[in-house]
1. Any idea how many residues of region 16-38 are touching a Leu at 6+ places or on another chain (Cβ under 9 Å), under 18 Å from Val69 (Cβ atoms) and buried (at least 17 other Cβ atoms within 10 Å of the Cβ)?
2. If you check every pair at least six apart or on different chains, which have Cβ atoms under 8 Å apart with a residue in region 185-207 that is among the acidic types (Asp, Glu) first and a residue that is open to solvent by 90 Å² or more (accessible area, probe 1.4 Å) second?
3. Scan region 91-102 and tell me whether some residue there is open to solvent by 40 Å² or more (accessible area, probe 1.4 Å), under 19 Å from Val144 (Cβ atoms) and part of a helix (DSSP H, G or I).
4. What are the residue pairs meeting all of these: first residue in region 106-131, first residue farther than 14 Å from Phe75 by Cα, second residue modelled with pLDDT under 65, Cβ atoms under 7 Å, and 6 or more apart or on different chains?
5. Can you tell me which condition Cys35 does not meet? The list is (1) under 25 Å from Ser158 (Cα atoms); (2) in contact (Cβ under 8 Å) with a residue 24 or more places away in the chain, and all the others hold.
6. Please specify each residue of region 77-90 satisfying the condition of being surrounded by fewer than 16 Cβ atoms within 10 Å (Cβ to Cβ) and either aromatic (Phe, Trp, Tyr) or in contact (Cβ under 8 Å) with a residue 12 or more places away in the chain (or both).
7. Would it be correct to say that Tyr59 is assigned to a helix (DSSP H, G or I), of a type in the set (Ser, Thr, Tyr) and open to solvent by 40 Å² or more (accessible area, probe 1.4 Å)?
8. Scan region 227-244 and tell me whether some residue there is surrounded by 10 or more Cβ atoms within 10 Å (Cβ to Cβ), within 30 Å of Leu21 (Cα to Cα) and at pLDDT 50 or above.
Amino acid sequence: MSIDLLIWLACLLAQIAVIGLLLYRGVWRTLPFFCVYCIWDILGNVSVFLVGQYHQASYFQAYFIEVAVDAALMFGVLVEVAWSVLRPLRASLPRGAVALIGVLILVAGAAIWPFAALPGLEHATTRAGLLFTQLEQTSSILRVLLFLVLAGGSQLLSIGWRDRELQVATGLGIYSIVGLTVAVIGTHQTTEAQYFRLSEILSMAYLFCSIYWVVSFAQKEAERREFTPQMRNFLLAAAGGARSTRIAMSSDSGKDKPLKRDDR
């Protein structure tokens, strides 16, 4: 049995353990998108592996579908984790606050997209391959940004390393940092041996993050702390300002519309 297959099987077992702990600890109640993502991750990896083993001609198509679905689910996970961090404040937030979080993440993704194309690949892959790489790297950068925001602002957000939100963001962030590093290095590698060595490093990073989640989710979650009064007032003011801006924009757009015949 090859070392690649051993690492792949270890990752599969670790991820199954993660899903078991998510269900046992009831994390699926607060982070259902993340639970769905973990289940899809196993199904997608197994499907791509089987296609690669028995139908090589369809491997790229299967991998592209897996990455596209992965990116869509990851968007839901990012919104969910950010929304979950605001749990102590959600009752005071205006309606549509979760949609605003989604819009902000989409705007951040759109800003990252032009810079997510790795240099050196323009002449090495097809247009579809470039789009695939850009989608993958944009999703990875968003994960890293979420991790940095939550870890860097943990004191202000009243979260710690025993909170599920920061545990999820840490695993995703560390794996994405390694993935981005491997992708950049891979643009300068030319031999097949170097390519497989980088793939092994990425697989080991995935295994490490899965083990980190197993250890983290095996422990009881810390009781969620309330925001400080200063942070609470700041978040409420920011949410109120965003709502006012949205209402003003809607009103302005309504003024520009021509009157209907019945309104004249």
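1. Going through region 16-38, the residues touching a Leu at 6+ places or on another chain (Cβ under 9 Å) turn out to be 22, 27-28, 31, 33-38.
Of the ones still in play, those that are also under 18 Å from Val69 (Cβ atoms) are 33-38.
Next, only the ones that are buried (at least 17 other Cβ atoms within 10 Å of the Cβ) stay: 33-35, 37-38.
Count: 5.
2. Partner pairs satisfying both residue conditions: Glu200/Ile3.
3. Checking region 91-102: not a single residue is open to solvent by 40 Å² or more (accessible area, probe 1.4 Å), under 19 Å from Val144 (Cβ atoms) and part of a helix (DSSP H, G or I).
4. Close Cβ pairs (under 7 Å, with a partner that is modelled with pLDDT under 65) amount to Leu130/Leu121.
5. With respect to (1) under 25 Å from Ser158 (Cα atoms); (2) in contact (Cβ under 8 Å) with a residue 24 or more places away in the chain, Cys35 is out only on (2).
6. Taking region 77-90 first, the residues surrounded by fewer than 16 Cβ atoms within 10 Å (Cβ to Cβ) are 87, 90.
Within region 77-90, Arg87 is the sole residue that qualifies.
7. Working: assigned to a helix (DSSP H, G or I): yes; of a type in the set (Ser, Thr, Tyr): yes; open to solvent by 40 Å² or more (accessible area, probe 1.4 Å): yes.
The answer is yes for Tyr59.
8. Taking region 227-244 and keeping what is surrounded by 10 or more Cβ atoms within 10 Å (Cβ to Cβ), we get 227-228, 231-244.
Still in the list and also within 30 Å of Leu21 (Cα to Cα): 227.
Cutting the leftovers down to at pLDDT 50 or above gives us 227.
Looking for residues that are surrounded by 10 or more Cβ atoms within 10 Å (Cβ to Cβ), within 30 Å of Leu21 (Cα to Cα) and at pLDDT 50 or above, one finds at least one in region 227-244, hence yes.
The values are calculated or read from the model by the stated rules, or taken from the named source; none is laboratory data. These numbers were taken from a predicted model, which means no experiment stands behind them. For neighbour counting, all protein chains shown are included, and Cβ atoms are generated from backbone atoms with ideal geometry for every residue, glycine included. Ligands, DNA and RNA are excluded from the accessible area calculation, which covers all protein heavy atoms including side chains. Shrake-Rupley method; radii C 1.70, N 1.55, O 1.52, S 1.80 Å.
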